[in-house]
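The structure appears right after this line, and notes come after that.
The values are calculated or read from the model by the stated rules, or taken from the named source; none is laboratory data. As the structure is a computational prediction, the values presented were derived from the model and not from experiment. Cβ placement follows ideal geometry from the backbone for every residue including glycine, while neighbour counts extend to all protein chains displayed.
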């Protein structure tokens with residue numbers, strides 16, 4: 001019975017031209033357009049030197065890691081030079097930003113760094129990512145120093161040589177693969193950010209498929225749903241078969257998107273391709289779960305549900321920085337919980353983390369968050385479905 | 001006779017609105033029970049409650065002697081439903097649609113194949129097996145809808161207005177198909193607002209209005225409630241007031257209505273009303289082009305019970 005339902009669900013989905021367009025064709029068309037629009041940029045792109053300002057303050061001067069990092073990234077002799085930095089006061093920084101002489105400025109506070117930019121774009125994104133990375137490395141250094149001191153003391157040596165420990169730690173970091181210069185390497189360019197956005201969007205579009213197929217199982221949503229509701233098949237089993245079919249179709253769409261971008265558009269996903277695919281698969285699961293959730297929980301007609309799903313997906317995408325990463329920064333800064341519970345943010349953050357962090361911790365954190373999100377959506381949907389009776393048919 | 005369905009004191013409310021008001025009735029094995037009533041009388045709501053698709057506030061429903069609940073899968077296995085709306089997948093062919101729904105009841109592939117072929121022959125859509133629903137006419141679509149509901153050979157079949165918006169040829173085909181199902185042993189509940197269908201098809205009829213049972217019985221039993229013997233319709237050219245007045249004054253006549261050229265005379269009683277009327281018209285030199293007599297219909301019963309037409 002499960003396979004019978006699975007087989008016919010696949011047939012139903014595979015023959016629905018509207019779904020095929022949105023799942024298979026639309027991301028490919030969009031990818032082609034991205035490729036056409038940005039290929040010129042990409043070819044000529046070795047990132048421009050970005051003009052920024054740093055507000056002079058004791059906090060910045062005391063922060064050796066930031067100091068050294070930005071000195072290095074703005075060194076004229078550095079082939080991977082990223083920034084042209086003006087060290088000035090706050091008022092002048094504001095004026096320079098207003099006059100568009102800089103893309104943004106950094107203001108250091110006691111335990112924090114404020115980034116101020118005027119608009120969203122690649123340069124602003126890079127500035128934000130560099131600051132994030134330095135903060136992350138700072139934390140790592142602090143942790144390593146603490147551990148070194150603990151080890152020294154626990155070995156019975158109470159004459160701690162702090163300079164030696166600091167140098168050891170710096171050496172460890174210097175010898176690690178993580179390197180801020182990666183940011184200027186050609187792995188994560190503007191076009192790659194767009195492709196990752198595309199993959200995230202395609203993953204969340206899985207919700208459209210699952211909502212379509214779930215509506216076919218709900219008595220108050222379709223005549224077919226009414227008919228299936230009076231068959232001797234357990235709702236959960238019926239839904240599971242249909243959802244696996246949806247996932248299968250979604251994965252085919254995602255597979256085609258990867259094949260097309262790799263072999264036709266020559267997109268280079270770098271050495272992380274398998275992890276990128278893994279995140280796309282789990283992201284698709286989250287999209288699918290979201291579709292089921294909207295289909296089962298909201299008691300309204302199909303068009304309204306579609307509107308809710310699309311609006312929610314777009315809002316999540318917007319907040320996750322798909323239309324400009326500055327928004328992601330603003331959310332991170334003011335309402336960080338939103339990025340933690342936002343599936344679109346989990347996907348994009350996961351992709352970017354592959355490029356900007358030296359460990360996979362953040363990647364796996366996003367991956368697991370997506371799995372928990374999916375499980376939660378499906379659990380709520382199933383509970384709702386079990387209790388559902390149809391007050392108006 | 002063995003009861004297949006027992007409904008006792010069933011009530012269903014939507015806030016203030018009483019959709020079903022204290023319904024009690026039984027359905028016996030092998031009969032076609034008609035639920036007749038105008039739109040909004042509670043027919044479909046009753047069916048949905050019986051199928052456990054809708055909650056209800058009071059009463060009890062037993063099917064095949066067991067309480068009907070959403071998870072009564074053993075009962076659902078014996079039930080087939082044909083809803084008013086066409087419930088098929090647009091993306092599947094005629095054959096695939098029937099096979100899909102049949103497959104939700106019948107596991108054995110060979111048996112399912114046999115059942116699907118049989119029902120395709122029963123509703124006469126063999127030459128359309130590979131067609132998609134959107135390629136079918138309204139009548140053929142209805143036949144497909146029915147085939148999807150009965151392919152698994154259910155013992156109890158619910159048909160909720162299956163002939164709405166169907167051409168006469170397809171309607172006759174559907175009605176004869178339903179009779180065949182009954183002849184093969186199925187018990188059928190048939191809801192309609194077409195009184196002619198209820199009369200032709202149903203062994204017993206329940207007349208519903210505003211969620212209440214107004215009357216129930218066989219067609220002949222119900223017609224007795226109309227309180228009239230016959231209706232005679234005459235197509236006349238000119239009719240004087242005097243003649244009209246004379247007819248009204250006949251003892252057996254209940255009412256006389258002249259609308260354009262049609263004169264409709266309702267008789268409360270009398271055995272030779274048609275003959276007497278023809279004599280009278282001849283004697284008074286009233287020319288007429290048509291004259292015919294009708295027995296009371298279920299519409300007359302409804303009119304008598306509620307004061308309004310069934311299709312109002």
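The helices (runs of 4 or more DSSP H) found entirely in the range B:70-180 that carry 3 or more residues being more than 14 Å from chain A (Cβ to nearest Cβ) are B:109-122, B:138-150.
Just one of the listed residues (A:102, A:49) is in contact with a strand residue (DSSP E or B) (Cβ under 6 Å, 6 or more places away or on another chain) and modelled with pLDDT of 90 or more, namely A:102.
Sort through B:23, B:51 and tell me the only one that's within 8 Å of chain A (Cβ to nearest Cβ) and closer than 14 Å to residue B:5 by Cα.
Details: B:23 fails: within 8 Å of chain A (Cβ to nearest Cβ).
Step by step, each of B:23, B:51 is checked, and only B:51 is within 8 Å of chain A (Cβ to nearest Cβ) and closer than 14 Å to residue B:5 by Cα.
Residues in the range A:268-280 that are modelled with pLDDT under 90, within 20 Å of residue A:29 (Cα to Cα) and either buried (at least 19 other Cβ atoms within 10 Å of the Cβ) or under 15 Å from the mean Cα position of the chain (by Cα) (or both): A:269 only.
Pairing each residue of the range B:183-198 that is not assigned by TED's automatic domain parsing to the domain that holds residue B:82 and at pLDDT 90 or above with any residue that is in a strand (DSSP E or B) and buried (at least 20 other Cβ atoms within 10 Å of the Cβ), provided the two are 6+ apart or on different chains, yields no C-beta distance under 6 Å.
The rows are residues; the columns are (1) surrounded by fewer than 14 Cβ atoms within 10 Å (Cβ to Cβ); (2) part of a strand (DSSP E or B).
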| residue | (1), (2) |
| --- | --- |
| B:221 | yes, no |
| B:250 | no, no |
| B:258 | no, yes |
| B:270 | no, no |
| B:275 | yes, no |
| B:285 | yes, no |
| B:304 | no, no |
| B:308 | yes, no |
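Could you tell me which residue of the range B:54-68 is farthest from the chain's Cα centre (by Cα), considering only residues that are within 12 Å of chain A (Cβ to nearest Cβ) and within 28 Å of residue B:119 (Cα to Cα)? By that ranking, first place goes to B:68.
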